[in-house]
1. Hey, how many Å between the Cα centroid of region 473-502 and the Cα centroid of region 415-439?
2. I'd like the Kirkwood hydrodynamic radius of region 383-503, using the inverse of the mean 1/r over distinct C-alpha pairs, in Å.
3. If you scale each eigenvalue of the Cα gyration tensor by 5 and take the root, what three semi-axes come out for region 109-195, rounded to whole angstrom and sorted largest first?
4. For region 1-135, what is the largest minus smallest coordinate of the Cα atoms on each principal axis, given in angstrom and ordered from greatest to least?
5. I need to check one value: relative contact order of region 404-505, counting alpha carbon pairs closer than 8 Å and at least 6 residues apart, in percent.
6. Once amide H atoms are placed 1.01 Å from N in the peptide plane, what residues at a sequence separation of 5 or more from ILE10, or on another chain, have their amide H within under 5 Å of its amide H?
7. Return the whole-Å distance between the Cα centroid of region 66-120 and the Cα centroid of region 139-198.
Amino acid sequence: MDESNIPIDINIGKLQDWLVSRRHVNKEWQKNIIPVREKINNAIQDMPVHNDIATLLSGSYINYFHCLKIIEILKETEADTKNLFGRYGSQRMKDWQDVAKHYEKENIYLAEAAQMLVRNINYEIPSLKKQIAKEEQLVLECEKKHLEYLKSESSCKSEFLTSCKQLGIAGDKIKKELVKRLQELPDIYHTIGKSLKPLLPAIELYSAFTKYIIGDNAPKVLPLLQYLVENGNTTVYEWTYGEPPLSIEPDLMHIEVESDDKAAGDQIDFGDNAIDFGSIDTTSSIDFGDGDAAGEIDWGNIDVAPASIDISADVAEISLEGSGIVVEDQGLGGGVATGREALTLLDNPITRSQIVAQLLELESFLKMRQYETSMSENQMFSLIQQLPSESESALSAMLATVQSASASLTAPEIVHLHNVKHSPRYVDVLTAQLEQKLSLCGKMSRLAERESERRAAAEARATELRPVLARMIQRTKELQAQIEGDISKKYKGRPVNIIGGVKFL
């Protein structure tokens, strides 16, 4: 077998030691490379304008093989300085030829090229790949977080809109809209009060059932609910004293609301709501007159003198001279409903809670009776069969009516408005909760935008690094081939393979 065909395999990790052990380079070559690098730095300062030279000098550590290429280019650019003896008079050519000459001394160029190859293979190229992989991973993470933030933003916005829909507001100026909606409460309560009429059969059944079990001495069941069904949503005063008030003076509410002109606050007066209590004029006062025609009392054909009126703080007494008639006040404050008594049954927190509790009691009774009716064939319920009963379908209809009434009264919108009216602090808390959700939407939007910007920046960095990596790999391949070729010349053209080089990356 021809020795010239036997390949020389050199491991990339032992390349420099191999060159030293084979005495191709000196062990102290690094000390001798310093003057060469200084000559290269000086020679670079004066270079002709040439595209190939610009390409060689861009983003690359200049080595011996680059110097040879520069000399070949200078042979063209400095051709006019060549004399009869084949020497160049150009200082540029002399500088680079001097650099090449110092490189070739003791094969310094070969040791440096081997060092550059090992550094590129073991450090530079893996580092670039790791940076690109890191940027690509960051792109994926930013994309994932971007979608998560958008999803959170959509969820927060949906919750905010749902809450606003429950409250019946648009959500632009939350507190102002909530306070404005309080004006609708009287009409809402009036509608609910009128809708409770269908509850009467269920109440009567419950009453009959109670009387059958306890007897005629049984107490009246669900008195407040029954009154509400029969009389509508009257004032607490009328429920308490059995007669409508002559006038209503509710307590005023003060809720500070920022207006469009940034005023300190608005005074919300709920005393002017038009509440219909029959034919009573709640806004007028009683004028007893002073004897003129407008204030006289028409007694028909009775010839009596005009009545003199004496009103005190404790007893209002009206004396009719000559007739012996005395009318005294019954201690009802002159028929004026004030404070809690001026509120309606559904508006007053105490009576409202009682009504809700009585609705729940009625619902429980109907559910039990429905169960007993379905089990009436069992002998254990023989006594119950003798009680006042309704068909199962009728009981189901009654139960549905009660549940509908309870749902309308305890609807989230009604509950929130009721709490807002009777607790100024509640409106602040509710407004803060809604504003917090809206603020969270904005925060999620900003975070999503930030992740989008981070993703774009990572993509840009990865895009910039990919050409650098490709160029580094290409030049490392060229350097490896040049080293293999140079070593091959020293061994009469035997093939040289650097194992673990750039070909295996």
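Bear in mind these aren't lab numbers, they're just calculated from the coordinates by the rules spelled out. Bear in mind the structure is a predicted one, so any value in this text is a computation, not a measurement.
1. Answer, in whole Å: 79.
2. On the way: mean 1/r = 0.0416 Å⁻¹.
Hydrodynamic radius (Kirkwood, Cα pairs) of region 383-503 is 24.0 Å.
3. For region 109-195, the ellipsoid semi-axes come out as 70, 11, 5 Å.
4. 50, 47, 34
5. Values: 21 pairs, mean separation 13.9, N = 102.
The normalised contact order for region 404-505 reaches 14 percent.
6. Excluding prolines and chain starts, which carry no amide H, the hits are ASN497, ILE498, ILE499.
7. 80
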